[in-house]
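Asks: Structure below; questions to follow.
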Amino acid sequence: MSAVSLSNIVKRFGDYTAVHQMSLDIEEGSFVTLLGPSGCGKTTTLRMIAGLLDPSEGEIAIKGKRVNDVPIHKRNLGLVFQNYALFPHKTVADNVAFGLNYRNVGKEEARRKVAEALELVQLPDLGARYPKELSGGQQQRIALARAIVIEPDVLLLDEPLSALDANLREDMRVELKRIQQSIGVTTVFVTHDQTEALAMSDQIIVMSEGRVEQIGAPEEVYNTPATEFVAQFLGASNLLSAKCTAVEGGEIELDLPSFPRIVIPGERAPGVAGTGPVRLVIRAEKLHLHPAGSTAEGMLNVDAIVENVDYQGQSARYFLRVGDHQMQAINMIEDHPFAAGAKVALRFRAKDCAALPVETNP
Amino acid sequence: MSIEQREARQPWILLTPALTAIVLLLIVPLMFIIVYSFWLKSAAGADTPGFFLDNWQEALTDPFYRDILLNTLKIAAVTTVACALLGYPAAYFIARSKGNRLVLLVLLMLPFWISYIIRTMSWINILGVSGALNSAMIWIGVIDEPIQMLYNETTVILGLVHFLLPFMVLNIFVSLEGIDTNLEDAANSLGATRWQGFLQVTLPLSLPGLAAGGLLCFVLAAGTYITPVILGGPRDAMFANLVYEAIIRQLNWPLGSALSLMLLVVLGVLVLIYNRYLGMAQLAKGLG
């Protein structure tokens, strides 16, 4: 039985369809991320699970029970917002205890549960303070404590880290994952940040324009994108037009100008059915730059010219020209980065490439 | 001049026009009124300057003035409570409506385009002996003879509520608008019904607006004199009517001054008490 299951969910706002025919099963105890750019329908989906929006069509079930007609206050869900949404007129302890007031919890037990929750988010001494006296990171921890103290069936997180500054966001990411694992609550996390999604999730659901583009484990979604959108949204990818010349023995042979013949394993191109035009996907960090003229065994070698360099300290992003192709590579810097205008040798492994069928735009 | 000195001077430069207006149009006339209240009206017509306590003695000891003052405060209080009860749901509705909020706010402002006196007199056409309500009831056959519904305390309160409701709605609207709607969602997700969430979160957070609207309504209602003149009977005079009576009818400026100062002091003390217990600063605590 899945913790949350959506079947054929559609959400329309007037003439605009925010979510198209979405079906999804979320496993008990897992950490699932809805990832996509703004306007992709991820928050709408989360709000439908929460009971803040009614789906136009389809069914939502939590722990096997249909909840379409169950109002939000009876769904037993923990909800955490981007702006924390702590009650400004209540102390931290009263904020955390809020949900317990509506459950049959005695005073003494409530006090103990609040203390435990504050302990869990590592802010045991702040109970008497008011939210405005806390930093953003502390407020978000309190919001999390308030959501988990009621022992929700599902924890719903709506971009909870987006309002924090960069360093704090990374700490909170680790912290959030630790807390989620320690209590084992099924979690649905909404974000537009691919790093957060990749770092935290058991499963990522990539969405675009109200449709699910791909569902898979972080590594799967990253290494074997199912669509061009996924390839471009997650990390920096090079997408090149190529021709599939043969599908043989679980291997796929690709041909494109300025490159040697590329043979990639079939599992890296699950969508390619036969010969014809395809899209070749190479991650920017899988392209390695070396001084011109050098070659290496077991790797594909191509001549390239550095057109521009984006220096990032420990690494650099290179904008390259290979024949008529514009490409990007991200490499760690040893000694000095290559300069703009330099001729370089570009190396990559065929097994790091993936291929997608060419999308016909409707 | 250093930058610090210039910056220290800047607020005062910006405040100068407003301060000038307040001093010339409010403080100076008030001083005149205070001085006047100690003069004596003489039968000959010219007032006698000096320091006499006669006016104050009359204003403070005559039960006639005391009773009307208490009744004025009662009418103001009833009006304020009625405005709060009628205004809160309206303000909530406007604050939570998405598309047509601007239209609703314009509709709320619309009455201000018509003179307050005309708006008050419109009740005569509705409640008067030959007004809409009587005509309708006679036409239906509920009554045979028109009923006199006007010229009593209830119609005075009705007129005041009509006049003051937009002030209440606007004040509550402003504070409701500043409340993050996620707070109600959060309360609901934690198990509170919509009504419980409203009582626990939205209502306490909107109290500053309710308090400000209440104060405004109370002070304006307590100082009114047009509404009782138009909609009240001979015995429904409010305190401001006494001031009008003394100054305009009896030309007794010294007594009128003492009476108006009395109302000013009573309202001032009430505002201070209000601020002490329901004070803005107190309510704003925790709002950041």
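The values are calculated or read from the model by the stated rules, or taken from the named source; none is laboratory data. Please read all numbers here as calculations on a predicted model, not as lab measurements. Ideal geometry is used to build each Cβ from the backbone, glycine not excepted, and the neighbour counts take in all protein chains shown.
Asks: Keeping to the stretch B:23-57, report how many residues are in a loop (DSSP other than H, G, I, E, B), among the aliphatic types (A, V, I, L, M) and surrounded by 11 or more Cβ atoms within 10 Å (Cβ to Cβ).
Replies: The number of residues fulfilling the criteria is 1.
Asks: Just for the stretch A:43-55: of the residues that are part of a helix (DSSP H, G or I) and either more than 21 Å from residue A:185 (Cα to Cα) or in contact with a Ser or Thr (Cβ under 8 Å, 6 or more places away or on another chain) (or both), which one is farthest from the other protein chains (Cβ to nearest Cβ)?
Replies: Checking each candidate, the answer is A:44.
Asks: When the residues of the stretch A:268-284 are filtered to those that are more than 20 Å from residue A:324 (Cβ to Cβ) and surrounded by 13 or more Cβ atoms within 10 Å (Cβ to Cβ), which remaining residue is farthest from the chain's Cα centre (by Cα)?
Replies: Across the stretch A:268-284, the extreme among qualifying residues is A:275.
Asks: Could we say that residue A:211 is surrounded by 18 or more Cβ atoms within 10 Å (Cβ to Cβ) and more than 14 Å from chain B (Cβ to nearest Cβ) here?
Replies: No; evaluated as a whole, the condition is false for this residue.
Asks: I'd like to check something: does the stretch B:269-282 contain any residue that is within 14 Å of chain A (Cβ to nearest Cβ), surrounded by fewer than 16 Cβ atoms within 10 Å (Cβ to Cβ), at pLDDT 90 or above and closer than 30 Å to residue A:100 by Cβ?
Replies: Scanning the stretch B:269-282 turns up no residue that is within 14 Å of chain A (Cβ to nearest Cβ), surrounded by fewer than 16 Cβ atoms within 10 Å (Cβ to Cβ), at pLDDT 90 or above and closer than 30 Å to residue A:100 by Cβ.
Asks: Could you list, in sequence order, all residues of the stretch A:24-80 that are in contact (Cβ under 8 Å) with a residue 24 or more places away in the chain and among the acidic types (Asp, Glu)?
Replies: A:27, A:28, A:57, A:59 - these are the residues of the stretch A:24-80 that are in contact (Cβ under 8 Å) with a residue 24 or more places away in the chain and among the acidic types (Asp, Glu).
Asks: Residue B:32: touching a residue at least 60 places away in the same chain (Cβ under 8 Å) and not β-branched (Val, Ile, Thr), yes or no?
Replies: The answer is no for residue B:32.
Asks: Additional query: Restricting to the stretch B:187-231, name every residue that is outside any helix (DSSP H, G or I) and more than 10 Å from chain A (Cβ to nearest Cβ).
Replies: Within the stretch B:187-231, B:223, B:224, B:225 meet the criteria.
Asks: Also, quick follow-up: Quick one: residue A:294 ticks every box in (1) farther than 23 Å from residue A:254 by Cα; (2) crowded, with 17+ Cβ neighbours inside 10 Å bar one, so which box is it?
Replies: Every listed condition holds for residue A:294 apart from (2).
Asks: Going through the stretch A:68-78 one residue at a time, which ones are within 14 Å of chain B (Cβ to nearest Cβ), in a loop (DSSP other than H, G, I, E, B) and over 26 Å from the mean Cα position of the chain (by Cα)?
Replies: A:70, A:71
Asks: If you don't mind, there's one more thing I want to ask. Within the stretch A:88-144, which residues are small (Gly, Ala, Ser) and more than 12 Å from chain B (Cβ to nearest Cβ)?
Replies: Matches in the stretch A:88-144: A:93, A:106, A:110, A:115, A:117, A:127, A:128, A:135, A:136, A:137.
Asks: Working carefully through the options A:217, A:236, find the one that is surrounded by fewer than 17 Cβ atoms within 10 Å (Cβ to Cβ), at pLDDT below 95 and either under 26 Å from residue A:165 (Cα atoms) or not acidic (Asp, Glu) (or both).
Replies: A:236
Asks: While we're here: Can you confirm whether the stretch B:172-180 contains a residue that is closer than 30 Å to residue A:140 by Cβ, within 14 Å of another protein chain (Cβ to nearest Cβ), surrounded by fewer than 21 Cβ atoms within 10 Å (Cβ to Cβ) and of a type in the set (S, T, N, Q)?
Replies: Among the residues of the stretch B:172-180, not one is closer than 30 Å to residue A:140 by Cβ, within 14 Å of another protein chain (Cβ to nearest Cβ), surrounded by fewer than 21 Cβ atoms within 10 Å (Cβ to Cβ) and of a type in the set (S, T, N, Q), which makes the answer no.
Asks: Taking the stretch B:232-275, which residues are outside any helix (DSSP H, G or I), within 22 Å of residue B:161 (Cβ to Cβ) and aliphatic (A, V, I, L, M)?
Replies: The answer is B:237, B:238.
Asks: Could you identify the single residue in B:32, B:64 that is hydrophobic (A, V, I, L, M, F, W, C), out of contact with any His (no Cβ under 6 Å at 6 or more places or on another chain) and within 30 Å of residue B:154 (Cα to Cα)?
Replies: B:64
Asks: Among the listed residues A:83, A:95, which satisfies the condition of being in contact (Cβ under 8 Å) with a residue 12 or more places away in the chain and touching a Phe, Trp or Tyr at 6+ places or on another chain (Cβ under 6 Å)?
Replies: A:95
Asks: Being assigned to a loop (DSSP other than H, G, I, E, B) and within 25 Å of residue B:195 (Cβ to Cβ) is the filter here, so list the residues in the stretch A:56-67 that pass it.
Replies: Hit for the stretch A:56-67 is A:67, nothing else.
Asks: If I filter the stretch A:221-236 for residues that are in a strand (DSSP E or B), of a type in the set (Gly, Ala, Ser) and in contact (Cβ under 8 Å) with a residue 12 or more places away in the chain, do I get at least one hit?
Replies: No, that holds for no residue.
Asks: Can I ask one more? Tell me whether the stretch A:28-41 contains one or more residues that are within 14 Å of another protein chain (Cβ to nearest Cβ), surrounded by fewer than 22 Cβ atoms within 10 Å (Cβ to Cβ) and not in a helix (DSSP H, G or I).
Replies: No; the residues of the stretch A:28-41 include none that is within 14 Å of another protein chain (Cβ to nearest Cβ), surrounded by fewer than 22 Cβ atoms within 10 Å (Cβ to Cβ) and not in a helix (DSSP H, G or I).
Asks: Also: Condition first: within 16 Å of residue A:238 (Cα to Cα), surrounded by fewer than 17 Cβ atoms within 10 Å (Cβ to Cβ) and modelled with pLDDT of 90 or more. Can you find one or more residues in the stretch A:311-318 that meet it?
Replies: No, the stretch A:311-318 has no match at all.
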